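Novice: My questions will all concern the structure given below.
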Amino acid sequence: MNLKKQLGLSLVIVGGLLFGLSTTQTTAHASTYLRYYENIPNKTVSVTNKNAYVYNNGRLSRKVGTMRYYGSKVEEYYAAHVVKNGKASIYYKFRIGHRTGWVWHGYLKSIASGTGNTTTTTPTNTGTTTSGKSIAPGTTVENEDWNAIARRDGVYSDTATIMQMFPGTIYNRKLDFVTGACWNTNDEADFDDSDNNIKEMSLREGVNPTGFVAIRFDASTNKLDDYAAIEKALDQAGYDASARAKFAGWSIGAQYEEPGNTDEGPQGGMGLVLLVPNP
């Protein structure tokens, strides 16, 4: 084989390898998928991060700039529920004049309306709330089909196990979305699991946050699925087995970050459990 043929064959092989590598990398980075769209009330909101990325559609197919080019106030009017990098998240469609785009919901904040502080209630295992309203009916966490929920809602086994540490509670899909919305872990965003944000996200999801209890914990572990460490962290947060049992009948949602997370926001071992008496 002469030199020209050898050179040509080498170029074909190298080109094929590069094409295969490119295809593999593209597939590996396709880590966002759309769950569903949702109509939300049209509302003028303020932009809190001028450097936030703006996307061309609800599937987040392509970045088209940042919020600095859209002014300090926009109108939000549509929502896309997605899973990005393995975490549930919500992106809002907004408009200003004839221009539109999609941005992570946490960068659009309601204009202050003088809302008061959130109050919490002490849970009681009575079957009704203090107002006498029956607690949300449903299948308790011990009897849920978690495999089906994992396929539908993206709830991981570790999160499911944490919710089962609150016996008699009822998994609530919208409530779980609220925890996911507060725990956006993209590198471009800080998470916000404050009481005020939980209340705001609950109202946006159509959840009644009255009397909610948010339990934040940090399990000191570098092991995956270290449920003993998680239970110990819950105990240290003031919710031992006896206290957790008192939430029977309440609705529940949760998030947990396994060790090894390198994103901004929640770090490995951190968890959030959200409980609501009447969602």
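The values are calculated or read from the model by the stated rules, or taken from the named source; none is laboratory data. Predicted model, so just to flag it, every value in this text is computed and none were measured. Positions of Cβ are generated from backbone atoms using ideal geometry, with glycine treated the same way; all protein chains shown enter the neighbour counts.
Novice: Restricting attention to segment 34-81, report how many residues are part of a loop (DSSP other than H, G, I, E, B) and small (Gly, Ala, Ser).
Specialist: Here the count works out to 5.
Novice: Another question, if that's okay. Kindly indicate the residue of segment 242-271 that is of a type in the set (S, T, N, Q) and buried (at least 22 other Cβ atoms within 10 Å of the Cβ) and also modelled with the highest pLDDT among those meeting that condition.
Specialist: My answer is SER251.
Novice: Kindly indicate whether TYR239 is hydroxyl-bearing (Ser, Thr, Tyr), modelled with pLDDT of 90 or more and closer than 13 Å to GLN164 by Cα.
Specialist: Values: hydroxyl-bearing (Ser, Thr, Tyr): yes; modelled with pLDDT of 90 or more: yes; closer than 13 Å to GLN164 by Cα: no.
Taking the combined requirement at face value, the residue does not satisfy it.
Novice: Within segment 150-203, which residues are among the aromatic types (Phe, Trp, Tyr), crowded, with 22+ Cβ neighbours inside 10 Å and at pLDDT below 85?
Specialist: Passing the criteria: PHE177, TRP183, PHE191.
Novice: For segment 39-97, give me the residue count where each residue is at pLDDT below 85 and acidic (Asp, Glu).
Specialist: Within segment 39-97, residues that are at pLDDT below 85 and acidic (Asp, Glu) number 0.
Novice: Something else: In segment 54-109, what residues are crowded, with 19+ Cβ neighbours inside 10 Å and among the β-branched types (Val, Ile, Thr)?
Specialist: VAL54, VAL74, VAL82, ILE90, VAL103
Novice: Now a separate question. Quick one: in segment 48-76, of everything that is hydrophobic (A, V, I, L, M, F, W, C) and more than 20 Å from the chain's Cα centre (by Cα), which residue is farthest from PHE94 (Cα to Cα)?
Specialist: Among residues in segment 48-76 that are hydrophobic (A, V, I, L, M, F, W, C) and more than 20 Å from the chain's Cα centre (by Cα), the one farthest from PHE94 (Cα to Cα) is VAL64.
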